[in-house]
Number of protein chains: 2
Amino acid sequence: MTTSTRRGPGRPSLTERRREDTRTEVSGAAARLFTERGYDATTVEDIAAASGMALRTFYRYFRAKEETIAPLFAAGIRDWVQRLAEADPDLGLVDALLAAYRGSVRHSRASAGIDDGQLRALLRMVESHGALRAVWLNVYRDTEDQLRPAIAARCGRDPDDLDVQLAAGTANTAVRIAMERWAAGEASARSADDAVARALKSVATGGLLAP
Amino acid sequence: MTTSTRRGPGRPSLTERRREDTRTEVSGAAARLFTERGYDATTVEDIAAASGMALRTFYRYFRAKEETIAPLFAAGIRDWVQRLAEADPDLGLVDALLAAYRGSVRHSRASAGIDDGQLRALLRMVESHGALRAVWLNVYRDTEDQLRPAIAARCGRDPDDLDVQLAAGTANTAVRIAMERWAAGEASARSADDAVARALKSVATGGLLAP
DNA sequence: TGCACATTTGACATAGAGTGCCAAAAGTAG
DNA sequence: CTACTTTTGGCACTCTATGTCAAATGTGCA
């Protein structure tokens, strides 16, 4: 099955990239339908039709209706984690987290084909729809596990170390909360970066929990 | 509809308490079935039958199949939050969180009719079943919001303050991670208290994130 | 006790979610 | 063009979840 196209070592194969593209397209279509006519009023058949595929095929790309929006939520975050791994090793953990985040936001969200306005609209739906909220939380829970190896490497610790896990959890939570506040706030709010930066700095000192 | 029975000001009415009891019973039956024959192999009809009620009645107590286990997860946590509100105001935030947690664990889990072994078994199922994991995360996300007023009052801040929200989020995350580690670890692990205490103390100083 | 009332429960019908199965279609290698 | 693999679509089916309405149950009051 190996194509003659040259591909880097970690680079995904052609078919895998096609698959990702399809997922991204379906995500966009689903998000549009959800925000236009509501989550419940949108059936999986609608999404499949809007994506030009049969119902059965839809379920070969997504396990469930809610999961269509997961790639939209995950887009920026995945990139964040990857950039953290590649960040300057001399940087402190918080600075590295922050630098990685700043670098990722613009680049990655654009490539996922979703703008800030749409993301906000989606995040506001999340509040009221249990299934969507679950996806949102799940994406962050997954991120937590992905952050661990990166943090462990940077601090010279084991990924299973409690402190590593907690650092991943708290940094992750800070970002999530910043995003939730950004989504809930008025349109006047600046890009999410600022909120994330403030939140990360706060948890780094223990914030209100500090002795 | 008011009964002649005297009831305290905040005390729930008789029918409300009956309702809670029923929910607890159904939760227990569901948890038993899930761990015995697996989550997917258990239909809602099975749960309803085991609880001695019709299918339609089940859905008047729980919105969805997964939610049957939410009360089991929430039992200890709710009590934790309440005890925090009642804790000695002179205590530091972390100490108060800790004291409240210690006080709640034994008392509350017993009243929910679930022991540590069952809770562990359930938590291990959570790893592999998206729907259950969603419930687990949701319970903690709810806790986050419930913690906020209590923390705000203790620190003399607004519940919408970013630092309050972050403190709630990080403390909450610490507890969740401690519980997850406790569930994943060997049976030899001591009660969850120790794990929670260590985790809370770590995040209070910023842990690995500390500058 | 018995009657009028509200609330709870159960049975039925139905739409939508999600999956197994197999055949048609499309892409690939030779 | 042919043989082969992968992807897609159609069909049937189970289960989840909800609206509707009637029967059962409980409650207040005479």
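Quick one: residue A:84 ticks every box in (1) surrounded by fewer than 17 Cβ atoms within 10 Å (Cβ to Cβ); (2) over 13 Å from the mean Cα position of the chain (by Cα); (3) assigned by TED's automatic domain parsing to the domain that holds residue A:205; (4) assigned to a helix (DSSP H, G or I) except a single one, so which number is it?
Residue A:84 satisfies every listed condition except (1).
Scanning for something within 8 Å of chain A (Cβ to nearest Cβ), free of Cβ contacts under 8 Å to residues at least 40 places away in the same chain, in a loop (DSSP other than H, G, I, E, B) and crowded, with 22+ Cβ neighbours inside 10 Å, does the range B:196-208 turn up at least one residue?
Yes: the range B:196-208 contains one or more residues that are within 8 Å of chain A (Cβ to nearest Cβ), free of Cβ contacts under 8 Å to residues at least 40 places away in the same chain, in a loop (DSSP other than H, G, I, E, B) and crowded, with 22+ Cβ neighbours inside 10 Å.
If residue B:91 meets every condition in (1) outside any helix (DSSP H, G or I); (2) touching a helix residue (DSSP H, G or I) at 6+ places or on another chain (Cβ under 9 Å); (3) not polar (S, T, N, Q); (4) not assigned by TED's automatic domain parsing to the domain that holds residue B:192 apart from one, which number is that one?
Unmet for residue B:91, out of (1) outside any helix (DSSP H, G or I); (2) touching a helix residue (DSSP H, G or I) at 6+ places or on another chain (Cβ under 9 Å); (3) not polar (S, T, N, Q); (4) not assigned by TED's automatic domain parsing to the domain that holds residue B:192: (4).
Looking at A:157, A:148, which one is more than 18 Å from residue A:177 (Cα to Cα) and not in a helix (DSSP H, G or I)?
Values: A:148 fails: not in a helix (DSSP H, G or I).
Only one candidate passes the filter, namely A:157.
Taking the stated definitions as given, is residue B:133 within 11 Å of chain A (Cβ to nearest Cβ), touching a residue at least 12 places away in the same chain (Cβ under 8 Å), assigned to a helix (DSSP H, G or I) and of a type outside the set (Ser, Thr, Tyr)? Working first, answer last.
Numbers: within 11 Å of chain A (Cβ to nearest Cβ): yes; touching a residue at least 12 places away in the same chain (Cβ under 8 Å): no; assigned to a helix (DSSP H, G or I): yes; of a type outside the set (Ser, Thr, Tyr): yes.
No; evaluated as a whole, the condition is false for this residue.
Looking at A:31, A:49, can you tell me which residue is within 16 Å of DNA strand D (Cβ to nearest atom) and under 22 Å from residue A:122 (Cα atoms)? Step through it out loud before you land on a result.
On the way: A:31 fails: within 16 Å of DNA strand D (Cβ to nearest atom).
Among A:31, A:49, only A:49 is within 16 Å of DNA strand D (Cβ to nearest atom) and under 22 Å from residue A:122 (Cα atoms).
Is there a residue being at the interface with another protein chain (Cβ under 7 Å from one of its Cβ atoms), more than 20 Å from the chain's Cα centre (by Cα), at negative phi and touching a residue at least 60 places away in the same chain (Cβ under 8 Å) anywhere in the range B:156-173? Full working, then the answer.
If we filter the range B:156-173 for residues that are at the interface with another protein chain (Cβ under 7 Å from one of its Cβ atoms), which is where we start, we get B:162-167, B:169-171, B:173.
When the remaining residues are screened for being more than 20 Å from the chain's Cα centre (by Cα), the result is B:162-164.
Still in the running and at negative phi: B:162-164.
If we keep only those that are touching a residue at least 60 places away in the same chain (Cβ under 8 Å) too, we end up with none.
No, the range B:156-173 contains no residue that is at the interface with another protein chain (Cβ under 7 Å from one of its Cβ atoms), more than 20 Å from the chain's Cα centre (by Cα), at negative phi and touching a residue at least 60 places away in the same chain (Cβ under 8 Å).
Out of the range A:174-185, which residues are under 16 Å from the mean Cα position of the chain (by Cα), small (Gly, Ala, Ser) and more than 7 Å from chain B (Cβ to nearest Cβ)?
Matches in the range A:174-185: A:178, A:183.
Kindly provide the set of residues from the range B:52-81 that are exposed (fewer than 15 other Cβ atoms within 10 Å of the Cβ) and either within 14 Å of chain A (Cβ to nearest Cβ) or within 11 Å of DNA strand D (Cβ to nearest atom) (or both), ordered by number. If you could, list the steps in order and put the result at the bottom.
Of the residues in the range B:52-81, the ones exposed (fewer than 15 other Cβ atoms within 10 Å of the Cβ) are B:52, B:54-57, B:59-60, B:63-64.
If the condition is that a residue be exposed (fewer than 15 other Cβ atoms within 10 Å of the Cβ) and either within 14 Å of chain A (Cβ to nearest Cβ) or within 11 Å of DNA strand D (Cβ to nearest atom) (or both), then B:54, B:55, B:56, B:57, B:59, B:60, B:63, B:64 are the ones that fit.
For the range A:42-81, give me each residue that is assigned to a helix (DSSP H, G or I), of a type in the set (Gly, Ala, Ser) and under 29 Å from residue A:146 (Cβ atoms).
Step one: of the range A:42-81, the residues assigned to a helix (DSSP H, G or I) are A:44-50, A:55-61, A:66-81.
Of the ones still in play, those that are also of a type in the set (Gly, Ala, Ser) are A:48-50, A:70, A:74-76.
Hits for the range A:42-81 are A:70, A:74, A:75, A:76.
Within the range B:21-51, how many residues turn out to be of a type in the set (A, V, I, L, M, F, W, C) and loosely packed, with under 14 Cβ neighbours inside 10 Å? Give the derivation first.
We begin by selecting, within the range B:21-51, every residue of a type in the set (A, V, I, L, M, F, W, C); these are B:26, B:29-31, B:33-34, B:41, B:44, B:47-50.
Filter again for loosely packed, with under 14 Cβ neighbours inside 10 Å, leaving B:41.
Within the range B:21-51, residues that are of a type in the set (A, V, I, L, M, F, W, C) and loosely packed, with under 14 Cβ neighbours inside 10 Å number 1.
From the residues in the range A:115-130 that are out of contact with any Lys or Arg (no Cβ under 8 Å at 6 or more places or on another chain) and either among the small types (Gly, Ala, Ser) or not in a helix (DSSP H, G or I) (or both), which one is modelled with the highest pLDDT?
The residue in question is A:129.
Residue-by-condition table, conditions (1) under 14 Å from the mean Cα position of the chain (by Cα); (2) away from DNA strand C (no atom under 16 Å from the Cβ):
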position	(1), (2)
B:37	no, yes
B:58	no, no
B:61	no, no
B:70	yes, yes
B:75	yes, yes
B:79	yes, yes
B:92	no, yes
B:97	no, yes
B:114	yes, yes
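Just one of the numbered conditions (1) out of contact with any helix residue (DSSP H, G or I) (no Cβ under 8 Å at 6 or more places or on another chain); (2) not assigned by TED's automatic domain parsing to the domain that holds residue A:148 is not true of residue A:54; which one?
For residue A:54, the failing item is (1).
The values are calculated or read from the model by the stated rules, or taken from the named source; none is laboratory data. Computed from a prediction, not measured in an experiment: that's the story for all the values here. So basically every Cβ, Gly included, is an ideal-geometry build from the backbone, and we count neighbours across all protein chains shown.
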